[in-house]
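Visitor: My structure is below; once you've seen it, I'll send some questions.
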Amino acid sequence: MILGSLALMAAVTFTSCDKTASSAAPTAIDSLSSAYGDYVGAMLYSDLGRMGKGEKADKQEFVRGMQLVFAAPQEENIRMGMQVAMRMLAEMDQLEQQGIKVDRVAVMNSFKDVFLSNDMNMDQMANYEMDFRDLYQRAAAEAEAAKNAEKESEPETVQNGMIGQAYVDNLKANDPEVKTTDSGLSYKIEEPGTGDKPAETSTVKVHYTGRHIDGSVFDSSVQRGEPATFNLQGVVPGFREGIMQLAKGGKATLYIPGKLAYGNNGTPDGSIKPNETLVFDVELLEVLPE
């Protein structure tokens, strides 16, 4: 909206003031400043809540931020520096949302050391980029591991894991055909199928029905009446390993523990709970050629 108002300003053709005109008659130029402030204020009035992070936006702090910018020296380099700083702040906010804490003082000090140096070549620039990308990947992995460790100890996560394990233990006690792999996947083969089994990178056509351990269905290609086709790299680890136990025409029931399904987070919509054990009835219809 702000950009729109600026475009509107750009469309206006300004002419120099007539020094002989009466000061008692305000011109459009005289009135434009207040009108511009009114216009942008009105445009942002109802949108401030959506712009802020919290449910309640602080209008006084919003205005204070604008005043800090307006009061800054009107010098092009300072304005460019402020724009870069705002973009960096947005990027640092994104990092912190991932659980990567950023020290703004350290960022500024390092920035000045490099930016104000008197010599820089392409190799140095490439090294700085490589160092950042490498450290970012490591920091993101550390942050994810910390989140998982915290989530793993939450009561719901622990309880769901225990319920799922008890369910599978009971199945195995009453049905010796239920097998468990080293990874923790349990399965029962109804029909092994014929031919070659798929590899972990294969593209397959399957029919499946996904159920909670209480029997309720959360997803089913059978109910939709159309088989699903996908590469096994794109599915949860337990489903991939289970399909790899079958050949074309094979049928099985998979009992996938949370760690091989949707992990300690479950699904974003909450339909699958943290560390929940899932049951899949699967039929391998076809292994597609590479």
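Just so you know, all these numbers are worked out from the coordinates, no wet-lab data involved. Here the structure is a predicted model, which means the values were calculated and not measured. Neighbour counts are summed over all protein chains in view; Cβ atoms, including those assigned to glycine, are modelled from backbone coordinates with ideal geometry.
Visitor: How far apart, in nanometres, would the label points at L95 and S271 be if each is projected 7 angstrom from Cα along the Cα-to-Cβ direction?
Guide: So the two model labels end up 3.7 nm from each other.
Visitor: Return, for the Cα atoms of the stretch 155-287, the radius of gyration and Dmax in Å, separated by a comma.
Guide: Computed over the Cα atoms of the stretch 155-287, radius of gyration and Dmax are 14.2, 45 Å.
Visitor: Let me see the P(r) profile for the chain: every Cα-Cα distance counted, bins of 10 Å, each bin given as a percent of all pairs.
Guide: P(r) for the chain, in whole percents per bin: 5, 17, 18, 15, 15, 14, 9, 4, 2, 1, 0.
Visitor: Relative to the longest principal axis of the chain, what angle (0 to 90°, nearest 10) does the C-alpha long axis of helix 2-11 take?
Guide: Helix 2-11 sits at roughly 40 degrees to that axis.
Visitor: If I build a Gaussian network model for the chain, linking alpha-carbon pairs within less than 10 angstrom, which residue out of A90, A72, A228 has the largest mean-square fluctuation?
Guide: It is A72.
Visitor: Tell me, in nm to one decimal, what length is gained between S216 and A149 on full extension, where the rule is 0.36 nm per residue of separation less the Cα-Cα distance?
Guide: Details: separation 67, 0.36 × 67 = 24.12 nm, distance 2.93 nm.
The S216-A149 span can extend by a further 21.2 nm.
Visitor: To the nearest 0.05, what FRET efficiency results for S33 and K59 with a Förster distance of 25 Å applied to their C-beta separation?
Guide: Calculated transfer efficiency: 0.75.
Visitor: Something else about it: Which three extents, in angstrom, do the Cα atoms of the stretch 113-181 have along their principal axes, listed largest first?
Guide: Taking the Cα atoms of the stretch 113-181, the three principal extents are 76, 28, 7 Å.
Visitor: Further question on the same structure: In a shell of Cβ-Cβ distance under 11 Å around M92, excluding M92 itself, what net charge do Lys and Arg (+1) and Asp and Glu (-1) give?
Guide: Charge balance near M92 sits at -1.
Visitor: If you find the alpha carbon centre of the stretch 178-203 and of the stretch 65-117, how far apart are they in angstrom?
Guide: So the separation of the two Cα centres works out to 53 Å.
Visitor: Which angle from 0 to 90°, rounded to the nearest 10, does the C-alpha axis of helix 28-45 make with the longest principal axis of the chain?
Guide: Computed tilt is about 20 degrees.
Visitor: Also, quick follow-up: Given contacts defined as C-alpha pairs under 8 Å and at least six residues apart, what's the relative contact order of the chain, whole-number percent? Write out the running numbers ahead of the final one.
Guide: Details: 331 pairs, mean separation 43.8, N = 290.
Relative contact order, the chain: 15 percent.
Visitor: On a 0 to 90 degree scale, rounded to 10, what angle separates helix 76-97 from the longest Cα axis of the chain?
Guide: In the chain, helix 76-97 runs at an angle near 20 degrees to the longest axis.
Visitor: Another question, if that's okay. Can you figure out the FRET efficiency of N118 with E286, using R₀ = 51 Å and their beta-carbon distance, to the nearest 0.05? Walk me through the numbers before you get to the answer.
Guide: Values: r = 65 Å, r/R0 = 1.28.
About 0.20, to the nearest 0.05.
Visitor: Which residues in the stretch 174-215 place their backbone N less than 20 Å from a point set 7 Å from the Cα of M162 along the Cα-to-Cβ direction?
Guide: From the stretch 174-215, the list is 213-214.
Visitor: Please enumerate, by chain and number, the aspartates and glutamates with C-alpha under 16 Å from the C-alpha of K172, excluding those fewer than 8 residues away in the same chain.
Guide: D182, E190
Visitor: Of K147/K205; K151/K179; K147/K259; K59/K147, which pairs sit farther than 25 Å apart, going by alpha carbon to alpha carbon?
Guide: Long pairs (Cα-Cα over 25 Å): K147/K205; K151/K179; K59/K147.
Visitor: Want the number for F111 to D175: 0.36 nm per residue separation, take away the alpha-carbon distance, what's left?
Guide: 16.6 nm
Visitor: Given the DSSP H assignment, sum -39500 (n - 2.57) over each helix run of at least 4 residues in the chain and divide by its residue total; what's the result at 222 nm in deg cm²/dmol, nearest 500?
Guide: Rounded to the nearest 500, the figure is -15500 deg cm²/dmol.
Visitor: What list of whole percents do you get for P(r) of the stretch 166-209, with Cα-Cα distances grouped in 5 Å bins up to the one holding the largest distance?
Guide: 5, 15, 19, 25, 19, 11, 6
Visitor: With springs connecting C-alpha atoms under 10 Å apart, model the chain as a Gaussian network and identify which of K59, K188, K197 has the largest mean-square fluctuation.
Guide: Answer for the Gaussian network model of the chain: K59.
Visitor: Okay, moving on. Can you give me the relative contact order of the stretch 166-290 as a percent, contacts being Cα pairs under 8 Å and 6 or more apart?
Guide: Working: 275 pairs, mean separation 39.5, N = 125.
With pairs under 8 Å counted, the relative contact order is 32 percent.
Visitor: Suppose R0 equals 30 Å. What FRET efficiency, 1/(1 + (r/R0)^6) with r the Cβ-Cβ distance, do A126 and I78 give to the nearest 0.05?
Guide: The computed FRET efficiency comes out at 0.50.
Visitor: Given the options E144, E76, E191, which has the most mean-square fluctuation in a GNM of the chain, springs set between C-alpha atoms less than 10 angstrom apart?
Guide: So, out of E144, E76, E191, the one fluctuating most is E76.
Visitor: In sequence order, what are the phi-derived ³J(HN,Hα) couplings for the stretch 188-198 according to the Karplus relation 6.51 cos²θ - 1.76 cosθ + 1.60 with θ = phi - 60°, rounded to whole Hz, with x for glycine and proline?
Guide: 10, 8, 8, 9, x, x, 10, x, 6, 7, x
Visitor: Can you put F62, F115 in order of Cβ neighbours within 10 angstrom, beginning with the fewest?
Guide: Final ranking by Cβ density, sparse to dense: F115, F62.
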